[in-house]
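Working notes for the structure below.
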Amino acid sequence: MAGVTLREIVKEYGDVVAVDHVSLEVQDGEFVALVGPSGCGKTTTLNLVAGLLELTDGDILIGDKLINDLDPKDRDLAMVFQNYALYPNKKVYDNLAFPLKMRGTPKGEIAARVRKTAEILSIEHLLDRKPKQLSGGQQQRVALGRALVRNPKAFLMDEPLSNLDAKLRVQMRAELKRFHQEIGATVLYVTHDQMEAVTMADKMAVMSGGVLQQYGPPDEVYRHPVNVFVAGFVGSPSMNLLRAAVTAADGQGALRGTEGWLHPLSPANARRAAASSGDVMVGIRHNQVHLSREERPGWVETRVYTVEPTGDLTYVHLRLGGQLLVASADAEWRAAPDDRVWVEFDQGSLHLFDAQTELALPLADAVASGATVGSARAMATAG
Amino acid sequence: MSANLSTGVGASGGSTADAGLDGRDARIAAAIATPTAPSRPAVRSRVQPATRRRARRRCRPTPIGVLGWVFLAVLLFFTVVPMAWMVSTSLKSSFAAIDQPPRWIPAEPTIVNYTKLLNPDETVGADFLRYMRNSVWVSTATTVLGLIVAVPASYAFSRFAFPGRDTLFFSVLVRNMFPTVVFLIPLFILMRRLTLVDSHWSLILTYLTFGLPLSIWLLKGFYDNIPVELEQAARIDGATRFQAFYLIVMPLSSPGIIATAIYAFIQGWNEYVYARTFIQSDRLLTMPVGLQKFFTEYASDWPGLMAASFIMSVPVVVLFLALQKYFVQALTEGAVKS
Ligand SMILES: Nc1ncnc2c1ncn2[C@@H]1O[C@H](COP(=O)(O)OP(=O)(O)OP(=O)(O)O)[C@@H](O)[C@H]1O
Ligand SMILES: [Mg+2]
């Protein structure tokens, strides 16, 4: 195993810049999830690392070896494709044996390793079948097996679970994670599904429009999105994002939304908001919106749009001017459409972004950047 | 903080802790996770509506369906009757062949016409077998050479983006937009310059100019349908580009290659006009022209002619029957893009 380093990599297709100066360091043994909306360049990035595409610019290193011009076969990587890419005319056994055969492994050893891999993935009984005769989940295991059968420097996986049904996906997720922990594999993992990223990855890289937006542990990305895009992309339901002007009311900093609402700011948040060049974007997660059925000073009046009970908790969609706002409440919480509900945004976890640059406004000066996660947790428990 | 002081309805999302994860991680996980992404529809489903529609059509005949059947029946009549007549006549004696009224079933069937044709000690047999050998050689050479060019060419058209690719691809077909006779004189002059007139190579080269464009088209459709990820996977698994093609793509495209081969072979086997024009020596004649010679030399020997015609059609029919599975697969899979 070895780490993978991307340095300012660029891939252009004519005028389209599919990957735009992406730098990323995957440590040896780390599981990194690459997430982003469709067409943001995830597959392209992976294919660049695999050597299936030529770099327009930048460097790719495996371990500390520069591999820009190396043929895919010489990079010593294994890849799991989104559509599995099993060799349809070969039996499962030969699919698994192929990477070993190509590298001149002796026959006896091939047989032993194929058996062992098949055992790990519980596909021993399928070795004589053709890929067409397998279910989606079985094909997925074979695809995984073809990667695991060798001992490559790193694994590249392009949405390997996306074709599975929800239940199988959860099961395979657990198995992949266990596999990663057991062999300490370096994994670069592309996914649409944030749950996969959060549950499996050590680090999460969020891409948009070919640009790497943020790279860090999932909970850090979740708690401290660096810009409006990451804030809106990471988390489900999506973070509520409202545009507001910074004003003052009752001698206190406040936000005036474009929809006309007024919400006070704590002194710390007021200082942050003041740093903005103009309007701010307020980001607030569903579980940080407090609800009240009675009017309260400083709270914002909204109307109920729909109520979605999910079993564990209830999502409440609220109308605020022309905007929809989602909040979550207890499982038993119910209301009729158009009921009046007052909301307050939790000051401790308010996200503020400069509406112009869309970048996060730094937390109050007292809080050093290194301590951000701890302080957020402290605030939550202090309340 | 205000959250806990308020008597408003609590809005904490923290009640979702799973058993396996500690509370904080589970909360984040639950919050970050999107509802499961819509899974892509299985490829299988693509086929179903068509099948269902066909099934329905079978139950209730539509006017168009009936017309279709009538059309097919007429077509079948026109193809089968001459064949049947050919076989019937070939099994008769010369006298029986001109009996009036004609009989479908020979009164005294004989295979003497066949044994004569296939006996190298008889003049007719020697000629016939030589024509056959010539035809086999020309058709086989055309097929093999055609494939040697068409396979890599169509693969390149399918996989690589190079300047002028589309223009080149369409220009390949220009040759097939003109009636074949248009090229008869120019090609004859060309072959004379190349001193290839009255040689099998003049025919092989000419047949390649017909066959190659269509072979390339047919095969390209086939390669387009083989996911490029298969080759990519092979290359990551340690294959060179050529090995990926040779070990993975080639076997998958074998139905297409076989279909193309049948097509090219039949073209060469049946071609008459060029063979008639380019070949002058009797010892080089191919079967269609040789057969025509029989007409003039043995004009009254209808059963002999019919037997020769029948033998000539056998390889084509056998080839086609043996490999029709691939042919159909090639036409459907190659043509229908997913
Ligand atoms: N061969 C190509 N020629 C031109 N543009 C391309 C080519 N391949 C990809 N692109 C463009 O590059 C961008 C990134 O594509 P990529 O396949 O990496 O997206 P992705 O993040 O993997 O998306 P998805 O989640 O849908 O798989 C897209 O805008 C796409 O249109
Ligand atoms: Mg992709």
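The values are calculated or read from the model by the stated rules, or taken from the named source; none is laboratory data. Because the structure is a prediction, the values reported are computed rather than measured. Neighbour counts are summed over all protein chains in view; Cβ atoms, including those assigned to glycine, are modelled from backbone coordinates with ideal geometry.
Determine, yes or no, whether residue A:77 is within 11 Å of another protein chain (Cβ to nearest Cβ), more than 16 Å from ligand 1 (Cβ to nearest atom), farther than 25 Å from residue B:253 by Cα and not basic (Lys, Arg). Criteria met by residue A:77.
Taken across the range B:199-218, residues that are more than 23 Å from residue B:136 (Cα to Cα), part of a helix (DSSP H, G or I) and of a type outside the set (S, T, N, Q) do occur, with at least one present.
Count of the range A:242-266 residues, restricted to those that are without any contact (Cβ under 8 Å) to a residue 60 or more places away in the chain and not basic (Lys, Arg), is 14. Checking each residue in the range B:267-293 for being in contact with a Phe, Trp or Tyr (Cβ under 8 Å, 6 or more places away or on another chain) and part of a helix (DSSP H, G or I) picks out B:267, B:268, B:274, B:277, B:278, B:287, B:288, B:289, B:290, B:291, B:292.
Of the residues contained in the range B:259-277, one or more are found to be over 27 Å from the mean Cα position of the chain (by Cα), more than 14 Å from every other protein chain (Cβ to nearest Cβ) and modelled with pLDDT of 90 or more. Residues that are over 24 Å from residue A:165 (Cα atoms) and under 29 Å from the mean Cα position of the chain (by Cα) occur in the range A:132-149; there is at least one.
The numbered conditions (1) on the phi < 0 side of the Ramachandran plot; (2) within 11 Å of another protein chain (Cβ to nearest Cβ) are all true for residue A:179 except (2). Considering the conditions (1) more than 16 Å from ligand 2 (Cβ to nearest atom); (2) closer than 17 Å to residue B:229 by Cα; (3) in a strand (DSSP E or B), residue A:79 is excluded by exactly one of them, (1). Residues that are modelled with pLDDT of 90 or more and either within 16 Å of ligand 1 (Cβ to nearest atom) or surrounded by fewer than 21 Cβ atoms within 10 Å (Cβ to Cβ) (or both) within the range A:181-191 comprise A:188, A:189, A:190, A:191, listed in sequence order. As an exercise: evaluate residue A:11 against (1) touching a helix residue (DSSP H, G or I) at 6+ places or on another chain (Cβ under 9 Å); (2) away from ligand 2 (no atom under 16 Å from the Cβ) and give the number of the one condition it does not meet. Among (1) touching a helix residue (DSSP H, G or I) at 6+ places or on another chain (Cβ under 9 Å); (2) away from ligand 2 (no atom under 16 Å from the Cβ), the lone unmet condition for residue A:11 is (2). Among the residues making up the range A:192-212, those that are surrounded by fewer than 24 Cβ atoms within 10 Å (Cβ to Cβ) and within 13 Å of ligand 1 (Cβ to nearest atom) are A:192, A:193, A:208, A:209, A:210, A:211, A:212. Restricted to the range A:278-317, and to residues there that are of a type in the set (Gly, Ala, Ser) and loosely packed, with under 14 Cβ neighbours inside 10 Å, the residue that is nearest to the other protein chains (Cβ to nearest Cβ) is A:311.
For the range A:93-114, the tally of residues that are touching a residue at least 40 places away in the same chain (Cβ under 8 Å) and either among the polar types (S, T, N, Q) or farther than 18 Å from residue B:236 by Cα (or both) stands at 1. Considering (1) within 28 Å of the chain's Cα centre (by Cα); (2) more than 12 Å from chain B (Cβ to nearest Cβ); (3) surrounded by fewer than 20 Cβ atoms within 10 Å (Cβ to Cβ), the lone condition that residue A:274 does not fulfil carries the number (1). Take the residues of the range A:87-117 that are hydroxyl-bearing (Ser, Thr, Tyr) and within 14 Å of another protein chain (Cβ to nearest Cβ): which is surrounded by the fewest Cβ atoms within 10 Å (Cβ to Cβ)? Restricting to residues being hydroxyl-bearing (Ser, Thr, Tyr) and within 14 Å of another protein chain (Cβ to nearest Cβ), the top hit is A:105. Screening residue A:222 against (1) in contact with an Asp or Glu (Cβ under 9 Å, 6 or more places away or on another chain); (2) within 12 Å of chain B (Cβ to nearest Cβ); (3) not in a strand (DSSP E or B) leaves a single unmet condition, (1). The number of residues in the range A:1-48 that are assigned to a loop (DSSP other than H, G, I, E, B), more than 14 Å from ligand 1 (Cβ to nearest atom) and more than 21 Å from residue A:81 (Cα to Cα) comes to 2. Suppose we keep only residues that are under 16 Å from the mean Cα position of the chain (by Cα) and within 14 Å of another protein chain (Cβ to nearest Cβ) within the range A:14-43. Which one would you say is farthest from ligand 2 (Cβ to nearest atom)? The residue in question is A:33.
Within the range A:318-336, being surrounded by fewer than 16 Cβ atoms within 10 Å (Cβ to Cβ), among the hydrophobic types (A, V, I, L, M, F, W, C) and within 13 Å of another protein chain (Cβ to nearest Cβ) holds for one residue alone: A:331.
Out of A:317, A:263, one residue alone is in contact with an Asp or Glu (Cβ under 8 Å, 6 or more places away or on another chain) and modelled with pLDDT of 95 or more. It is A:317. Here residue B:106 fulfils each of the conditions (1) out of contact with any Pro (no Cβ under 8 Å at 6 or more places or on another chain); (2) part of a helix (DSSP H, G or I); (3) more than 24 Å from residue B:245 (Cα to Cα) apart from (2).
Sort out which residues of the range A:118-162 are surrounded by fewer than 18 Cβ atoms within 10 Å (Cβ to Cβ) and on the phi > 0 side of the Ramachandran plot, and write them in order of number. A:122 - this is the single residue of the range A:118-162 that is surrounded by fewer than 18 Cβ atoms within 10 Å (Cβ to Cβ) and on the phi > 0 side of the Ramachandran plot.
Matching residues to (1) in the same structural domain as residue A:62 (by TED's automatic domain parsing); (2) farther than 20 Å from residue A:155 by Cβ; (3) not aliphatic (A, V, I, L, M):
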| position | (1), (2), (3) |
| --- | --- |
| A:95 | yes, no, yes |
| A:105 | yes, no, yes |
| A:130 | yes, yes, yes |
| A:134 | yes, yes, no |
| A:141 | yes, no, yes |
